[in-house]
Amino acid sequence: QDEVISAQDALPQKTTLALGDESLIVLNPTEQLRTSVVTLAVDSPDARVVDAATGRPMAVQVSAVWAEPSKVSLSFAAELPPLSLTVYHVIKAPAGSAPRARYVVHRHGDPPTVHSEHFQVSRLQGAEADLPLSLSNKHLRMWSSPETGLLQSGPVRQVQVRFLWYGTRTSGDRSGAYLFLPGGEGPQAYSSSEPPLIRVTRGPIFSDITSCFPHFTHTVRLYHLDGHAGKSMEISNMVDIRSETNKELVMRLVTDVASGNRFYTDLNGFQMQQRRSLEKLPLQANFYPMTSAAFLQDASSRLSLLSAQSQAVASLRPGELELVLDRRLQQDDNRGLGQGVTDNKPTATLYRLLLEDRGGEVGGAAVEHLSLLAHLASLSLSHPPITMVGPGDGQLPKLRPFQALRSSLPCDLHLLNLRTLEDPKVRAEVTSLALLLHRKGFDCSSAPAPPPACSWNGLDEVGLPLDSGFPSVFLVYTCVCVSCSWTWTICSLRCGSARCAAPASRCSGTTTSLTPPTRRRSSAPWRSAHSAWRSPDEAASRKSGSFTIKAI
C-alpha cells in the first residue's frame, strides 16, 4: 500500500518507496479517461517513472518534503483509462536528470534562511519582496499577497481568501457540539504575532504557494495539465487549533460576483438547492450544509467551490462564501453529548475553485445545476486515483494492466455500481448483474472550451467486456435530463446482442418504466433520495441526449 495510518485518528502518511524493481499500480475508479497527478514518497531525487505496458517514460517532478528532509516527493502525470488498473515502474534515473522543483521562500520583514541539498532555494530581495506573488499555467493566472501569501486576485475576476475566528456567547446558551451561537461581535479577522513563512514552488507538473500560519497551513496549487485539472485552482488547508479555547476557524472567499443574497449548495451530492441569506434571521441561521459543492453566480459569471469533504457554508454578503474549517469548544451545549468539542486533531481539507463565464440565463428554470466542467472536477475529488505498491521479489506473476471499459462513458453519466443479483432463496450460480448509472443534470450556459474528451450529446456506444458467464444484465438508468425527465428505464440486456438506449421508447428487450410519484412541493423525501424531477416546460431549453450500453 502507498499510505499507512498509524492510529485511528491520525492522518495517512506516505510510505517511502525504495527505487528498484517494485511496481506501482494505479486504480482509476471513475468511468472517465483522466490525466491525474500521482505523488509518491521516494528515497532518492534521481527517479523516473515508465509505463509498464509500453515502456514510455512519464513526465515527472521531484519536490522536497520539508517536514522530513531525508525524503523527496515524486509526482507524475498518469494517463488513466476508465475503470482501469495501470501499472508503472519507478526506477533509478541518471544523476540530476529528473526535473526538480524550484523554490522561493519569503517572510515579510524577516527573511528566512533555508538550505537544501537537492533543490534550488532563493529569497525575495529588495523591491521584489513587496510585489504580489504570481502563478500561472496555460489556463489561469493568479496573484497572492506578499505579506500573507493568501490569494488576492484570480483570473479575470477578483477573488480573495481570508481567515476569521468566531467566538461564542459570554452568557446563556453557548456554542457546543450541536449549537453554533457566535458572540455578538461577529467574526474577527485572523491575525498572528509574526508574519507567515511563504513558500513558492514552481515545476513542470504543478506550481503552488504555501503560507504557514501558527494554526493552519494554506496552499493554492495550479496543475500544468489540460482538461478540468488545469482549469481549476486546488486549495488545501491543514488546520490545528488545539491551542485555542472557544474558537471556530472559517475560510472566507471574497469575490466581485454580484450574487445578491442567493447562493447554491448541494443537498446530497445529486442536486443543487438555492439558499437565501436573510438579515432578519440570526447569523447562525444563514449557515447550510454543503456535501460536495457550492457556487455563487450572476448573469455573466459563476464561482464554484467543489469540496472533498462535507462542511458548513454561508454567504453572509453578496459575492462572499465562507466555510467552517474546525471548531474547538470547551462547554457542553445541553443537547445530550455531555461534553464540549475538545478532541481536535490536525485536520486536512481539500477544494477545487472554478471560475467560469456564463452565456446568460437558459430557460429560466428554478433548478440550477453544476456545469459539466464542475461535475468532472467534483468527480476527481470524490474519487481520486488509488495507488498501490506491488511486490518486486519476482515470485508473483508479472502484473498486467486491466481495463473494464473500452471507452469512457458520456461526461454526464456516472457509474454508481455494478453488482451481482442473487435470489436468497436459491443457492445457485450467479446469472445476473445490476448496472446502476446516474445521469447528471448540468448547466448549459457554461460550455467547456475546448470540449472535454468525453461526449454528452448524440448516440454514444460504450463497450462493456462482460464475462459470457452472465447471461443477462439489468440496467437501472436514473436521469434528470430532458430525454427522460419523468421515468426510470430498466432494460434487460442479453450479452452479445441486445442493447439498451434511453429514453424508454428506444429500449429493446424486456423494458419496464417506473414513473415517480406526482411532483409536489412537499415530496422532500423523494427529491432528496433521488434526483430532482423537472417538468418538461422547466427543461425545454436542454438538449436531449441518448446513449447506448452494449453488452459484449
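Filtering segment 214-235 to residues that are in contact with a Lys or Arg (Cβ under 8 Å, 6 or more places away or on another chain), part of a strand (DSSP E or B) and open to solvent by 20 Å² or more (accessible area, probe 1.4 Å) leaves only E234. Strands (runs of 3 or more DSSP E) fully within segment 96-141 that include at least 1 residues being among the basic types (K, R), open to solvent by 50 Å² or more (accessible area, probe 1.4 Å) and under 18 Å from L222 (Cβ atoms): 102-106. So for segment 236-253 (the condition being open to solvent by 50 Å² or more (accessible area, probe 1.4 Å), under 27 Å from L33 (Cα atoms) and assigned by the TED database to the domain that holds S136), does at least one residue qualify? The answer is no; no qualifying residue exists. Scanning segment 260-273 for residues that are open to solvent by 60 Å² or more (accessible area, probe 1.4 Å) and in contact (Cβ under 8 Å) with a residue 60 or more places away in the chain gives L267, F270. Looking across P450, P391, one residue alone is outside the structural domain of T35 (by the TED database), at pLDDT below 90 and within 30 Å of D208 (Cα to Cα). It is P450. You will find that of A41, A7, A67, A77, the residue that is free of Cβ contacts under 8 Å to residues at least 40 places away in the same chain and assigned to a strand (DSSP E or B) is A41 and no other. Set side by side, the residues S153, S134, S144 differ, and just one is out of contact with any Ser or Thr (no Cβ under 7 Å at 6 or more places or on another chain) and under 30 Å from E244 (Cα atoms), which is S144.
Checked against the criteria, S378 does not count as at pLDDT 90 or above and either assigned by the TED database to the domain that holds G20 or open to solvent by 20 Å² or more (accessible area, probe 1.4 Å) (or both).
Selection of first residues in segment 280-297 that are closer than 22 Å to G186 by Cα and in the same structural domain as L354 (by the TED database) and of second residues that are aromatic (F, W, Y) and open to solvent by 20 Å² or more (accessible area, probe 1.4 Å), restricted to Cβ pairs under 8 Å at least 6 apart or on distinct chains, gives the following pairs, ordered by first then second residue: Q284/F180; F287/F180. Taken together, the criteria exclude A47 from residues that are within 17 Å of P81 (Cα to Cα), more than 26 Å from the chain's Cα centre (by Cα) and buried (at least 18 other Cβ atoms within 10 Å of the Cβ).
The values are calculated or read from the model by the stated rules, or taken from the named source; none is laboratory data. Please read all numbers here as calculations on a predicted model, not as lab measurements. Quick reminder, even Gly has a Cβ in these numbers, built from the backbone with ideal geometry, and neighbours come from all protein chains shown. To get the accessible areas, we keep the full protein, side chains included, count just its heavy atoms, and leave off ligands, DNA and RNA. Shrake-Rupley method; radii C 1.70, N 1.55, O 1.52, S 1.80 Å.
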